[in-house]
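Peer 1: If you scroll down you'll find the structure; I have some questions about it.
The values are calculated or read from the model by the stated rules, or taken from the named source; none is laboratory data. All of these numbers come straight from a predicted model, not from anything done at the bench. Don't worry about glycine lacking a Cβ; one is built from the backbone with ideal geometry, like all the others, and counts go over all protein chains shown. For accessibility, only protein heavy atoms count, side chains too; no ligands or nucleic acids. Shrake-Rupley method; radii C 1.70, N 1.55, O 1.52, S 1.80 Å.
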Amino acid sequence: MSQIASAPSSTSTPRPPVAAPVLSGRLAVGTAVGWTLVAVVSAVVALVTKGETQAWVEGTGDDSRGFFILAGLGAAESILMVAAWIAGSIWLLGLRAVAEVVAPGHPHRRSQIWAVAGWAVPILHLWFPLQVVADALSAVGSRSRRLLLAWWTTWLLASVVGYAASHLGGDLMTAGQVSQWVTGLTVDAVLTLLALPAWVVLVRRATRAAAVAGGGATVEP
């Protein structure tokens, strides 16, 4: 009588799919687009109403409509900036979560908290978000040095130079200060508009890569 021994077969349990941050990615793009549109509209309104605003601050005119329109647009832009920060941070946290699941041994130079705080802490905001994004992209297999360079260069120009330019003009008590203010708003709008395309491409490409790496459905282009 012969006995046939069979070794037990071992099967590894497949890892369940990880959800890519699709919704937060769309919100990050949407709020950035809204922020940019308001900045551009503000620059256009400032240029169109520059003369009447100068006359109003100097007491030679009584039409302050442009100034108050710009004040309202400034409030809307501030709200959209905060919304873009929140949406972008949630998206980056989601991207980081996928990266840590699909590549658990991949090194990250910064902890998760910097996906949120890195955008707001002075000095550190100049390079911490770049490191968080770069490491997460590398983990999900979608790091592109050219895209990262284009995004971060245009973002720094918009956030540093553009922000400083938008605050020109002092207390707006003279026609010259109004002129400086309008010029600053225009520079800020141009730099913000310049930074938008790279951010949109980065978010869409990273989200698509996270969907593929996580085992989910590919995000539509």
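Peer 1: For segment 50-77, name all the residues that are closer than 25 Å to Val33 by Cβ and open to solvent by less than 60 Å² (accessible area, probe 1.4 Å).
Peer 2: Within segment 50-77, Gly66, Leu70, Ala71, Gly72, Leu73, Gly74, Ala75, Ala76, Glu77 qualify.
Peer 1: Follow-up question, since we're still on this one. What pairs come up if the first residue lies in segment 57-81 and is farther than 16 Å from Asp188 by Cα, the second is surrounded by 15 or more Cβ atoms within 10 Å (Cβ to Cβ) and among the small types (Gly, Ala, Ser), and their beta carbons are under 8 Å apart, counting only those six or more places apart or on different chains?
Peer 2: Val57/Ala175; Glu58/Ala175; Gly61/Ala55; Asp63/Ala55; Gly66/Ala46
Peer 1: Moving on to the next point. Please give the number of the condition Ala19 fails out of (1) open to solvent by 40 Å² or more (accessible area, probe 1.4 Å); (2) of a type outside the set (S, T, N, Q); (3) more than 24 Å from Val203 (Cα to Cα); (4) at pLDDT below 90.
Peer 2: It is condition (3) that Ala19 fails.
Peer 1: Then there is this: In segment 88-193, which helices (runs of 4 or more DSSP H) lie fully inside it and hold 2 or more residues that are under 30 Å from Val212 (Cα atoms) and open to solvent by 70 Å² or more (accessible area, probe 1.4 Å)?
Peer 2: By residue number, 145-156.
Peer 1: Quick test of your reading of the structure: Val203 fulfils all but one of (1) of a type in the set (Val, Ile, Thr); (2) open to solvent by 30 Å² or more (accessible area, probe 1.4 Å); (3) touching a residue at least 24 places away in the same chain (Cβ under 8 Å). Name the failing condition by number.
Peer 2: With respect to (1) of a type in the set (Val, Ile, Thr); (2) open to solvent by 30 Å² or more (accessible area, probe 1.4 Å); (3) touching a residue at least 24 places away in the same chain (Cβ under 8 Å), Val203 is out only on (2).
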